[in-house]
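Just below is one structure, and these are the notes that go with it.
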Amino acid sequence: MANQIVDLQEQINWHWRNSMRPVRFFNFDVKAIIPFCFLLFYARWSTLIISILVTVFFYALEKRGMSFDAAMRSVRVIMFGSYRPGLNKFRHRKLKDYGR
């Protein structure tokens, strides 16, 4: 009986375990479904082709093991390198060598 109570208490807290999982719709990230919402209101061949291309792009990202957010971060690193434009020049830390 005590084990059943402990199991019941664990089941109550299961939803917290899944609170940071990415939102998915038919096994795709929700961001891949947004173009299909535009397709509902503007049903043209061009919109359908764009929606399919976006979905294929997200599928390819997931096959590489990346989320959309991680892919955008890697694009930022490729474009800007280690430069971070958010900090002013005087706020950058200078490297110091205390060994000498």
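Scanning for something in a helix (DSSP H, G or I), at pLDDT 85 or above, under 14 Å from the mean Cα position of the chain (by Cα) and not basic (Lys, Arg), does the range 35-58 turn up at least one residue? Break it down into steps so the answer makes sense when it comes.
Just the residues of the range 35-58 that are in a helix (DSSP H, G or I), to begin with: 35-41, 45-58.
Now drop any that are not at pLDDT 85 or above, which leaves 35-41, 45-58.
Filter once more, keeping what is under 14 Å from the mean Cα position of the chain (by Cα): 57-58.
So of that shortlist, the ones also not basic (Lys, Arg) come out as 57-58.
Within the range 35-58, one or more residues are in a helix (DSSP H, G or I), at pLDDT 85 or above, under 14 Å from the mean Cα position of the chain (by Cα) and not basic (Lys, Arg).
Phe80 meets all of the listed conditions (1) surrounded by 10 or more Cβ atoms within 10 Å (Cβ to Cβ); (2) modelled with pLDDT of 75 or more; (3) not polar (S, T, N, Q) but one, namely (2).
The values are calculated or read from the model by the stated rules, or taken from the named source; none is laboratory data. Everything numeric here is computed off the predicted structure, so don't read it as measured data. Note that we place each Cβ from the backbone using ideal geometry, even for glycine, and neighbour counts take in every protein chain shown.
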